[in-house]
Amino acid sequence: MLKKVGILINGGDAPGLNAVIRAITRTAERNNIECYGFIDGYNGLLKNEFIRLDKSPITSGILNKGGAIIGSSLNSNVFKYKVIKKDGSEGYKNLSKICVENLKNDEIDCLFTLGGDSTQKSARDLSLQGIHVIGVPKTIDNDVACTDETFGYNTAVSVATEALDRLHTTAETHHRIMVLEVMGRYAGWITLEAAIAGGADVALLPEIPYDIDKVVEKVKERQNIGKNFTVVIVSEGAYPKGGSISVKETRDGGKGVINIQLGGSGELVAKELEKRTGLIARNTTLGYIQRGGSPTPSDRVLSSKYGAKAMELAMKGKFNVLTVLKNGKLSSVPLEDVVGNNKKVGAVEGGTKDSNMKTIPMDHDLVKTARSIGICLGD
């Protein structure tokens, strides 16, 4: 009999987080189940800091609100948690047993984990210690395995598309190459869908190492028909053939969860194109604007569906799964499937050969559409 549930958020914020919290809480209230939110994600779970969400005004008026009313944790892997040793040096320690003890002492029957690849990896690892968990796929990158779409993605694409619309007018007016760098890390979903929606001429993805000469050819091809401007969208994880991704910063000596901060791919492309074409090229890095602010109606609906489905699964006793959307229908898959080959307890986040991160397959309809309408993918 389900009596108490908890919610935590890990990783970067995404539009729709509050809508998921609201849906879980509303469903819990209607079934006389207490609902609690752990403050600042896994950090709150370690400290056992939480607030009650059901029968509370805190969840009123949050459907359209950006961010998360219970906060989130970043770079917090409780199986490899950064600690300060007695001698003052930094190290890493497995503190997961504290989380397990807190959940059992709090009598939490199910923990909902809202997050992406690394979040659900830790959720799977907690399930191996007897904790009932249900994951909800959150990331603007749309790269969580086993589900068609993550909440927050639609909003990010909408923001990127609007940015392309605005850059297009400047590019045309001043006869320039305008480059837009967007998020996505190792997956180019935002880049490609925004490119199609925003009428970009070039889209450079992490999945396709690009040949800058092919991009130059596209620019000159447009010039030959009287179009003296080009709009380019670049994923932060895109890189040239024979090169590597652009890393802005490495955190904690590369030992943390998400230990590298990407950045600079757009600037690199802009500089190369200006040098090779003679046209002025300018880069705009969209950054955190993509994941802040109010969610689109589509993300509000998807988030609500995910939250309600997660509670439904919990009430049915179907634990240690991820709520997913497949072919337009809500269902679930075992967290083991989401983890894929990344079986080691406490392993860091995706982007490795063992990661089950969802990237764009080359036979995907988005790729076919982009090629059909003349978008250059750099190959």
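Only the coordinates and a few stated rules stand behind these numbers; no lab work does. In this text, all values refer to a predicted model and were calculated from it rather than measured experimentally. Using ideal geometry, Cβ is built from the backbone for each residue, glycine included, and neighbour counts are taken over all protein chains shown.
Numbers at a glance
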{"item": "Net length gained if the chain between Ser372 and Ser244 were fully extended (0.36 nm per residue, minus Cα distance)", "result": "43.3 nm"}
{"item": "Helix-derived mean residue ellipticity, 222 nm - over the chain, DSSP H n ≥ 4, -39500 (n - 2.57), to 500", "result": "-11000 deg cm²/dmol"}
{"item": "Cα-based reach from Lys227 at 18 Å (exclusive), listing aspartates and glutamates while leaving out same-chain residues under 8 positions away", "result": "Asp165, Glu172, Asp201, Glu217, Glu274"}
{"item": "Cβ-Cβ FRET estimate between Asn224 and Val301, R0 fixed at 51 Å, reported to 0.05", "result": "0.70"}
{"item": "Inter-label distance, nm, simple model (7 Å from Cα along the C-beta direction), Ser89/Glu312", "result": "5.3"}
{"item": "At R0 = 56 Å, FRET efficiency that the Cβ-Cβ distance of Arg276 and Glu336 yields, to 0.05", "result": "0.70"}
{"item": "Alpha-carbon Rg/Rh ratio, for the chain, with Rh computed the Kirkwood way", "result": "1.01"}
{"item": "Set of aspartates and glutamates near Lys316 by C-alpha distance (under 19 Å), chain-local residues within fewer than 8 positions excluded", "result": "Glu29, Glu34, Glu107, Asp109"}
{"item": "Pairs beyond 20 Å (Cα-Cα), from Lys82/Lys138; Lys275/Lys368; Lys309/Lys329; Lys271/Lys368; Lys65/Lys358", "result": "Lys82/Lys138; Lys275/Lys368; Lys271/Lys368; Lys65/Lys358"}
{"item": "Separation in nanometres of the label points that stand 7 Å from Cα toward Cβ, at Val100 and Ser60", "result": "4.1"}
{"item": "DSSP-defined beta bridges in the chain - what % are antiparallel, rounded to 5", "result": "30"}
{"item": "Protection proxy ranking of 302-310, 266-274 - average other beta-carbon atoms within 10 Å, highest first", "result": "302-310, 266-274"}
